[in-house]
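> Dropping the structure in here first, questions after.
Values quoted throughout were computed directly from the atomic coordinates according to the rules given, and no laboratory measurement underlies them. Fair warning: this is a prediction, and the values are worked out from it, not measured in the lab. Heads up, the Cβs are rebuilt from the backbone with ideal geometry, glycines too, and the neighbour counts pull from every protein chain shown.
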Amino acid sequence: RKEVEQDPGPFNVPEGATVAFNCTYSNSASQSFFWYRQDCRKEPKLLMSVYSSGNEDGRFTAQLNRASQYISLLIRDSKLSDSATYLCVVISGYSSASKIIFGSGTRLSIRP
Amino acid sequence: DAGVIQSPRHEVTEMGQEVTLRCKPISGHDYLFWYRQTMMRGLELLIYFNNNVPIDDSGMPEDRFSAKMPNASFSTLKIQPSEPRDSAVYFCASSFSPPPASGGLYNEQFFGPGTRLTVL
């Protein structure tokens, strides 16, 4: 089993729809969680951090469920420009002892 | 402001040749990371440095891979000899140390544009 697993893509949804996908992790000691966005043939860029209490940034909501060991990303009122691959990142440990694992990504395609 | 700079952007080489990838991190960042991305395996962390010192190289595939960071503004990833299965996009990323108040938690990484390596 992979240490970090994401929903398989691609997700193909109409503009304006709400879409959500998850990322599960196996290490219960994981400390930090993030969502990155990667456009086609581009580098990953930080989308948002995931806090224990959940957090929202405009149309994007990230949540953490420690009991079930997964994080989620919800996108409301999706735009064409949201089409990208979304990578979750799970960090175990602190600072110089950190283990950083990226998920394989969920591809999202928004259609007009 | 310049972001992370990588060179070359594209590299095509033949099996058995030595390949050197270069990275200039964002000025002031004290962490530097090398990643490899393929369709099959996704984004994999190969090695990372803190203050020019390698901290974790457990992701380096084998002895054919080596990485150095001679100073705070330059790092190289070398593959010798290269093999077709090394074909991938190699990303370099850099970040500041996590702020002490965060308890040492991770800080945002800024990625370079990547080097697309093809080994024939």
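> State which residue is surrounded by the most Cβ atoms within 10 Å (Cβ to Cβ) when the search covers only region B:67-79 and only residues that are of a type outside the set (Ser, Thr, Tyr) and closer than 15 Å to residue B:46 by Cβ.
Ranking the candidates gives B:77 first.
> Conditions first: (1) of a type in the set (A, V, I, L, M, F, W, C); (2) under 14 Å from the mean Cα position of the chain (by Cα); (3) farther than 30 Å from residue B:52 by Cβ. Residue A:34 passes all but one, so which condition is the exception?
Here residue A:34 clears every test but (3).
> Looking at residue B:37 and the list (1) under 24 Å from residue A:34 (Cα atoms); (2) without any contact (Cβ under 8 Å) to a residue 60 or more places away in the chain; (3) crowded, with 18+ Cβ neighbours inside 10 Å, which single condition is not satisfied?
All conditions are met except number (2).
> Pairs only if they're at least six apart or on different chains, beta carbon under 9 angstrom, first in region A:8-26 and in contact (Cβ under 8 Å) with a residue 60 or more places away in the chain, second small (Gly, Ala, Ser) and part of a strand (DSSP E or B); list them, first residue then second.
Qualifying pairs under 9 Å: A:9/A:109; A:10/A:109; A:11/A:109; A:12/A:109; A:13/A:109; A:21/A:72; A:23/A:72; A:25/A:92.
> Could you check chain A for strands (runs of 3 or more DSSP E) lying wholly inside it with 3 or more residues that are in contact with a Phe, Trp or Tyr (Cβ under 9 Å, 6 or more places away or on another chain) and either within 12 Å of chain B (Cβ to nearest Cβ) or surrounded by 16 or more Cβ atoms within 10 Å (Cβ to Cβ) (or both)? Before you say what the answer is, go through the steps one by one.
Working: elements: A:4-6, A:11-14, A:19-25, A:30-38, A:44-50, A:55-57, A:60-65, A:70-75, A:84-92, A:99-102, A:106-111.
Here the list reads A:4-6, A:19-25, A:30-38, A:44-50, A:60-65, A:70-75, A:84-92, A:99-102, A:106-111.
> Hey, another quick one. Being in a strand (DSSP E or B) and of a type in the set (Ser, Thr, Tyr) is the filter; apply it to region B:38-74 and report the residue that is nearest to residue B:90 (Cα to Cα).
Looking at the filtered set, the residue picked out is B:38.
> When region B:4-16 is examined, which residues are found to be more than 13 Å from the chain's Cα centre (by Cα) and surrounded by 15 or more Cβ atoms within 10 Å (Cβ to Cβ)?
B:11, B:13
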